[in-house]
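Participant: Have a look at this one.
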Amino acid sequence: MAKELEKGTKKLILDVAYELFAKLGYEQTPVSLIMERVGKSKATFYAHFKRKEDIMLNIVDQQVYRNSSFIQEVVHPYIRQDNFEILEFFTGYFQIGLHLEDRKEWTLVYNDLIRLSVTDEVIRTKLANVHDGWIKLFDMALTRAIELKQLPEELNKEAIIKSILSLYKGIHLERVYGSGPNMEQIHYFLKRLLSL
């Protein structure tokens, strides 16, 4: 019972911190405010976390877990299928990712994560591992498309991957701070990029 209560408190701290980070920013959110909103003391915070940055690490872990479960259960099996389509794969990546991340909250928290990664090696390493995971997944998808003769063997996979990641990040920022292209425009760009 005590362990369940502890887990519930930790989750509540994470949820409140995420909300405050998105609203006020990481730097403008002191531990005291988080704990005031949680209704517990700062001592309770330090029973769960050594430092405020650990909340950010937990947020990254939550995002990675959510993404990796989906990738393992849905995406990897799809890539292995004979009816795998590379254009559908990347279009789906944009549809799902931009839909999930249309939430301005995540973008604001993620921007703080990037800023913190400059001085915090643990956060930097976690974000780099996430980025490397996407590169490996895209490489797997492009390799499969080449095997299925959807793309030429001489395709510069590295250039395609970098272009798609850059496109995604740019569109993501446009959508947060403006409107950005619609899915039809994204589909058109991907089709041109992949020379399909």
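Participant: For the stretch 119-161, what's the radius of gyration and Dmax over Cα atoms, in angstrom?
Facilitator: 13.9, 45
Participant: Return the carbon/sulfur percentage of the accessible area of the stretch 150-196, one whole number, probe 1.4 Å, all protein chains in place.
Facilitator: Details: 1600 of 2990 Å².
Carbon and sulfur together cover 53 percent of it.
Participant: Keeping every protein chain present and rolling a 1.4 Å probe, give me the accessible area per residue for the stretch 63-196 in Å².
Facilitator: For the stretch 63-196, the solvent-accessible area averages 59 Å² per residue.
Participant: Here's a follow-up. Taking a 32 Å limit on the Cα-Cα distance, which of the listed pairs 149/169; 23/50; 42/126; 23/169; 23/126; 11/191 fall beyond it?
Facilitator: As for pairs spanning more than 32 Å Cα to Cα, those are 11/191.
Participant: Let me ask you something else. At what distance in nm do the modelled label points of residue 11 and residue 154 sit from each other, each positioned 7 Å from its Cα along Cα→Cβ?
Facilitator: 5.5 nm
Participant: Suppose the chain between residue 165 and residue 82 were pulled fully straight at 0.36 nm per residue; how much longer would it get relative to their current alpha carbon spacing?
Facilitator: Roughly 27.3 nm would be gained on extension.
Participant: Related question: At 222 nm, what helix-only mean residue ellipticity would the chain give, in deg cm²/dmol to the nearest 500, using -39500 (n - 2.57) for each DSSP H run of four or more?
Facilitator: Counting only the DSSP helices, I get -25000 deg cm²/dmol.
Participant: Label-point separation (nm) for residue 54 and residue 125, each offset 7 Å from Cα along Cα-to-Cβ?
Facilitator: 1.6 nm
Participant: I need the phi-derived Karplus couplings for the stretch 119-134: 6.51 cos²θ - 1.76 cosθ + 1.60, θ = phi - 60°, integer Hz, Gly and Pro marked x.
Facilitator: Coupling constants for the stretch 119-134: 10, 10, 5, 5, 5, 4, 5, 4, 5, 5, 5, 4, 4, 4, x, 5 Hz.
Participant: Could you point to the label whose value was computed as semi-axes √(5λ) of the Cα gyration tensor in Å for the structure here, given (i) 31, 19, 16; (ii) 37, 18, 14; (iii) 36, 22, 16?
Facilitator: Identified label for the calculated read-out: (ii).
Participant: What distance in nm lies between label points placed 7 Å from Cα along the C-beta direction at residue 132 and residue 23?
Facilitator: The answer from the label model is 3.7 nm.
The values are calculated or read from the model by the stated rules, or taken from the named source; none is laboratory data. Remember, predicted model here, so these are calculated numbers, not experimental data. Ideal geometry is used to build each Cβ from the backbone, glycine not excepted, and the neighbour counts take in all protein chains shown. Calculation scope for accessible area: heavy atoms of the full protein, side chains included, ligands and nucleic acids excluded. Shrake-Rupley method; radii C 1.70, N 1.55, O 1.52, S 1.80 Å.
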